[in-house]
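Peer 1: Structure below; questions to follow.
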Amino acid sequence: MYGGGYIFDKLQDNQVNDDPEKLLLFEERIARGEKIEPRDWMPFDYRRQLIRLIEQHAHSEIIGALPEGTWITRAPGFKRKLALIAKVQDEIGHGQLLYSAAETLGKSRENMINDLLNGKSKYSNVFNYPAETWADVTVIGFLIDAGAIINQITNSKGSYAPYCRALERICYEESFHLKQGHEGLVFLATGTFVQREMLQDALNRWWEPIMHFFGPPDKASVHSEKLMKWKVKMASNDDMRQEFLNTYVPKIWELGLTLPDPKLKKNTETNKWEYTEPNWETFWQVINGNGPCNKERLKVRMWAEEHGRWVRDALKTNQLTQSVPLA
Amino acid sequence: MSSLDPRINRLELPQIPGGEILKNQEHWITYEVFHIKKRGDHPVHVGCVHAPHPDLALVFAKEQYGRRLACVSLWVCKSSDIHAFSMEDEDMFYSAVSDEKKYRDASGFKVRDKINKFKKGNSDALV
Ligand SMILES: [Fe+2]
Ligand SMILES: [Fe+2]
């Protein structure tokens, strides 16, 4: 899935002494639409922000598999169970691809996982909410994956080659996630009264996290100009949110379902969607560890590392020397 | 802590100790993966996996890169065993595509104009 609402570091203009000549060549290369490869010279801040971005994205894939993973044993019917297993496996695979892409920038996978477990690295906020019913799983599979696809297609046009290559593979698999999510959601929406109620309840609960998904409104983020120029950030949060609303709100409404925002509508003059700003205070609260599931997610992840350790140790050979992936 | 997932409630979830939880190389080293789509095709680099040795690298490569789409085989090799030119030196390959080396290329040899001219000049004589 998933990488909405990235949190970038403050850009630190004065602390870095990037060679101005090399910086110029670098920026010209990006302006020409060329990609940057791991061994190329790059500005200090470019490397730092990319590690942060790709690492958050990788964590989001891994943690994102947890709320859905809990439903594998309870998925209604064999086909849905198989599809959910396949999807969750894909998400873990996405995490692996992204960790490797981040590793090309010089941070080891172990350090990234340490930072995740220590709460230093973030992941997409939506995964700090519980999947209470099967309807939640269909809402996640349809709408959260939809958001992720918008985000990932946008990012795949960025400047850092290993990240783009990983995203290309990922986007291919996401199309299956979206379709199976949509099918599950339509099944409930066109089902019995109780099924529709269950789905409506899930939509009501997930709407705010979904509105948070692409991150705070543009007017609140002041650091994106250089990141846009370097093609690290490829579209503004608000633009991606608009694209999401424009494509997916009609697909909810056509099923006679509602979204819990009376102001939500498309302004036919501006062609923009109007909505009530979600509570951004809640967003920051959850990012900083106080969401309903933050602790559970990290502890389950910790459990997995602890319980996998003896297997990893058993397989360890004597002559391992660290190397960085090439491409 | 009570989870919505009954299996999680049955676990004894650990406290997170903080500091360095995983040591470097606890996730082993990286292998580059090459994918062969069908018999007769070149292996194409598709990414990498973490593994302790080549056998397991192949297993992980199959999970990661052979899960979808056609595949008849995969290759793996240690990332550190790959030797490459620096992309900064890309200009040294320029001559291969420059016009100066047209004599290496089929398009550097033109005969049709001459043949046509020859035919035209001789058409009377040939009758
Ligand atoms: Fe994913
Ligand atoms: Fe996904």
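The values are calculated or read from the model by the stated rules, or taken from the named source; none is laboratory data. Keep in mind it's a predicted model, so treat the numbers as computed, not measured. Glycine also receives a Cβ, built like all others from the backbone with ideal geometry; neighbour counts cover every protein chain displayed. Please note that ligands, DNA and RNA were not included when accessible areas were found on the heavy atoms of the full protein model with its side chains. Shrake-Rupley method; radii C 1.70, N 1.55, O 1.52, S 1.80 Å.
Peer 1: Output the residues belonging to segment A:256-276 that are within 14 Å of A:ASN246 (Cβ to Cβ) and of a type in the set (Asp, Glu).
Peer 2: Hit for segment A:256-276 is A:GLU274, nothing else.
Peer 1: Here is a list of conditions, (1) in contact (Cβ under 8 Å) with a residue 40 or more places away in the chain; (2) over 30 Å from A:ASN288 (Cα atoms), and A:LEU105 meets all of them except one; can you say which number that is?
Peer 2: Going through (1) in contact (Cβ under 8 Å) with a residue 40 or more places away in the chain; (2) over 30 Å from A:ASN288 (Cα atoms) one by one, A:LEU105 breaks only (2).
Peer 1: Does at least one position in segment A:30-47 carry a residue that is open to solvent by less than 70 Å² (accessible area, probe 1.4 Å) and within 16 Å of ligand 2 (Cβ to nearest atom)?
Peer 2: Within segment A:30-47 (the criterion being open to solvent by less than 70 Å² (accessible area, probe 1.4 Å) and within 16 Å of ligand 2 (Cβ to nearest atom)), the answer is no, since none of the residues qualifies.
Peer 1: All but one of (1) within 16 Å of ligand 2 (Cβ to nearest atom); (2) under 13 Å from A:HIS59 (Cβ atoms); (3) open to solvent by 10 Å² or more (accessible area, probe 1.4 Å) hold for A:HIS94; state the number of the condition that does not hold.
Peer 2: All conditions are met except number (3).
Peer 1: Right, another one. Checking B:ASP89 against (1) open to solvent by 100 Å² or more (accessible area, probe 1.4 Å); (2) within 12 Å of chain A (Cβ to nearest Cβ); (3) not small (Gly, Ala, Ser), only one condition comes out false. Which one?
Peer 2: Looking at each condition in turn, B:ASP89 falls short on (1).
Peer 1: Looking only at segment B:52-72, decide whether some residue is more than 10 Å from chain A (Cβ to nearest Cβ) and of a type in the set (S, T, N, Q).
Peer 2: no
Condition check ((1) open to solvent by less than 10 Å² (accessible area, probe 1.4 Å); (2) within 11 Å of ligand 1 (Cβ to nearest atom)) across all residues:
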{"site": "A:ALA146", "(1), (2)": "yes, no"}
{"site": "A:TYR160", "(1), (2)": "yes, no"}
{"site": "A:GLU168", "(1), (2)": "no, no"}
{"site": "A:CYS171", "(1), (2)": "no, yes"}
{"site": "A:GLY181", "(1), (2)": "yes, no"}
{"site": "A:THR190", "(1), (2)": "no, no"}
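Peer 1: Kindly check whether there is at least one residue in segment A:193-202 that is open to solvent by 10 Å² or more (accessible area, probe 1.4 Å), within 16 Å of ligand 1 (Cβ to nearest atom) and free of Cβ contacts under 8 Å to residues at least 60 places away in the same chain.
Peer 2: No, segment A:193-202 contains no residue that is open to solvent by 10 Å² or more (accessible area, probe 1.4 Å), within 16 Å of ligand 1 (Cβ to nearest atom) and free of Cβ contacts under 8 Å to residues at least 60 places away in the same chain.
Peer 1: Here is a follow-up. Yes or no: segment A:40-53 includes at least one residue that is in contact (Cβ under 8 Å) with a residue 24 or more places away in the chain and within 16 Å of ligand 1 (Cβ to nearest atom).
Peer 2: yes
Peer 1: Only one of A:GLY93, A:GLY77, A:GLY33 is within 16 Å of ligand 1 (Cβ to nearest atom) and either more than 14 Å from chain B (Cβ to nearest Cβ) or in contact with a helix residue (DSSP H, G or I) (Cβ under 6 Å, 6 or more places away or on another chain) (or both). Can you tell me which?
Peer 2: A:GLY93
Peer 1: Only residues that are within 19 Å of A:ILE113 (Cα to Cα) and assigned to a helix (DSSP H, G or I): list them for segment B:9-59, please.
Peer 2: Of everything in segment B:9-59, nothing turns out to be within 19 Å of A:ILE113 (Cα to Cα) and assigned to a helix (DSSP H, G or I).
Peer 1: Then there's this: Of the residues that sit in segment A:36-74 and are within 26 Å of A:GLU183 (Cα to Cα) and part of a loop (DSSP other than H, G, I, E, B), which one is farthest from the other protein chains (Cβ to nearest Cβ)?
Peer 2: Filtering segment A:36-74 for residues that are within 26 Å of A:GLU183 (Cα to Cα) and part of a loop (DSSP other than H, G, I, E, B), the one farthest from the other protein chains (Cβ to nearest Cβ) comes out as A:TRP71.
Peer 1: Here is a check on your reading of the model: is A:LYS226 basic (Lys, Arg) and touching a helix residue (DSSP H, G or I) at 6+ places or on another chain (Cβ under 8 Å)?
Peer 2: Yes: the conditions hold for A:LYS226.
Peer 1: Would you mind stating whether A:LYS87 is within 13 Å of another protein chain (Cβ to nearest Cβ) and within 16 Å of ligand 1 (Cβ to nearest atom)?
Peer 2: The answer is yes for A:LYS87.
Peer 1: Among (1) at pLDDT below 95; (2) surrounded by 19 or more Cβ atoms within 10 Å (Cβ to Cβ); (3) assigned to a helix (DSSP H, G or I), there is one condition A:ARG80 misses while meeting the rest; what is its number?
Peer 2: (1)
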